[in-house]
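Written below as structure tokens is the structure these notes are about.
What follows is calculated from the coordinates using simple rules that are stated; it is not laboratory data. Since the model is a prediction, treat every value here as computed from it, not as a measurement. Here Cβ is always computed from backbone atoms with ideal geometry, including for glycine, and neighbour counts include all displayed protein chains.
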Amino acid sequence: MLRLGRREFDAHEPVIMAIVNRTPDSFYDQGATFRDEPALARVEQAVSEGAAIIDIGGVKAGPGEEVTAEEEARRTVGFVAEVRRRFPDVIISVDTWRHEVGEAVCEAGADLLNDAWGGVDPRLAEVAARYRVGLVCTHAGESEPRTRPHRIAYDDVMTDILRVTLGLAERAVALGVPRESVLIDPGHDFGKNTRHSLEATRRLGEMVSTGWPVLVSLSNKDFVGETLDKPVKERVVGTLATTAVSAWLGAQVYRVHEVAETRQVLDMVTSIAGHRPPAVARRGLA
């Protein structure tokens, strides 16, 4: 059972986390939701298309202009409060590695802290424990935030992913984060080259078999682009193919840009697996 905010999800229920970037320089939308009104419209659209979680980020993952903790909080805290007011039942996640920002967004109503940089600030888990909110524990290859991997190598990438994410998850629970609100994430592209990310996808079942719910952040990432030799705006098909494989292998939460398309993929895979009935069943019955 996965419990986040006011919601509970059983093990076979796929969950969509919609990305809302409060940044002027995000790699995919180039700042389309930096201002409040477009960002709130994006939240409304994502919820209507089937997203249960809204993931709000105030700093783009890649290199770029420095964003201080104060500026990150300015971009996210008030927005979290407004989303909480307008959408009381939606699960609000904030993509941050900084405990100061985590504290502020939890005060504003966040339900989940999405730590994409693998516990680089150990106090973030302490914040999650104090506020009894969820935590995403990610493998980032011990990379510094907002850096790209350079000649990174692993003896066995999945062994390292499991070592790091399970260690972070158990530490979080020991601190007081509710066990049913902790997720693990292989961290596609983070501290990895394309072959590492492909192998992590191929071996997702090893993460699922640990019993922790698995979150995957696949949407339009570089490993998809390099695999198919496609620019950012032409990676949707590759992303959805990877989503289908991940769903078949048992991942539960999907951090995405394209909510409606992802919903269809997840519904189809879940139905093939026998965990969801068809929406309608007329063929051969009349």
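Exactly one residue out of 215, 204, 198 is more than 19 Å from residue 252 (Cβ to Cβ) and among the hydrophobic types (A, V, I, L, M, F, W, C), and it is 198. The set of residues in segment 105-125 that are out of contact with any strand residue (DSSP E or B) (no Cβ under 9 Å at 6 or more places or on another chain) and either crowded, with 23+ Cβ neighbours inside 10 Å or not in a loop (DSSP other than H, G, I, E, B) (or both) comprises 107, 123. Taken residue by residue, segment 126-147 has at least one member that is in a helix (DSSP H, G or I), touching a His at 6+ places or on another chain (Cβ under 9 Å), of a type in the set (A, V, I, L, M) and touching a residue at least 24 places away in the same chain (Cβ under 8 Å). Checked against the criteria, residue 23 does not count as in contact with a helix residue (DSSP H, G or I) (Cβ under 6 Å, 6 or more places away or on another chain), within 20 Å of residue 221 (Cα to Cα) and not small (Gly, Ala, Ser). Inside segment 151-166, residues that are surrounded by fewer than 14 Cβ atoms within 10 Å (Cβ to Cβ), of a type outside the set (S, T, N, Q) and in a helix (DSSP H, G or I) make up a count of 1. Scanning segment 39-76 for residues that are in contact with a strand residue (DSSP E or B) (Cβ under 8 Å, 6 or more places away or on another chain), without any contact (Cβ under 8 Å) to a residue 60 or more places away in the chain and part of a helix (DSSP H, G or I) yields a count of 5. Of the set (1) buried (at least 21 other Cβ atoms within 10 Å of the Cβ); (2) more than 16 Å from residue 183 (Cβ to Cβ), all apply to residue 263 but (1). If only residues of segment 11-38 that are touching a residue at least 24 places away in the same chain (Cβ under 8 Å) and charged (D, E, K, R) are counted, the one that is farthest from residue 215 (Cα to Cα) is 36. Within segment 229-258, if we keep just the residues that are among the β-branched types (Val, Ile, Thr) and either touching a Ser or Thr at 6+ places or on another chain (Cβ under 9 Å) or not in a helix (DSSP H, G or I) (or both), the residue that is nearest to residue 13 (Cα to Cα) turns out to be 253.
The numbered conditions (1) in contact with a Phe, Trp or Tyr (Cβ under 9 Å, 6 or more places away or on another chain); (2) farther than 22 Å from residue 250 by Cβ are all true for residue 183 except (2).
When each of 279, 286 is tested for being surrounded by fewer than 14 Cβ atoms within 10 Å (Cβ to Cβ), touching a Ser or Thr at 6+ places or on another chain (Cβ under 9 Å) and either part of a helix (DSSP H, G or I) or aliphatic (A, V, I, L, M) (or both), the lone residue that passes is 279. In segment 232-259, the residues that are more than 19 Å from residue 21 (Cα to Cα) reach residues that are in a helix (DSSP H, G or I) and among the basic types (Lys, Arg) with C-beta atoms within less than 9 angstrom, at least six apart or across chains, in these pairs: 245/202; 249/202. The set of residues in segment 31-75 that are more than 18 Å from residue 5 (Cα to Cα) and of a type in the set (Val, Ile, Thr) comprises 33, 59, 67, 68. Counting only residues that are more than 23 Å from residue 107 (Cβ to Cβ) and either over 15 Å from the mean Cα position of the chain (by Cα) or part of a strand (DSSP E or B) (or both), segment 2-18 holds 9 of them.
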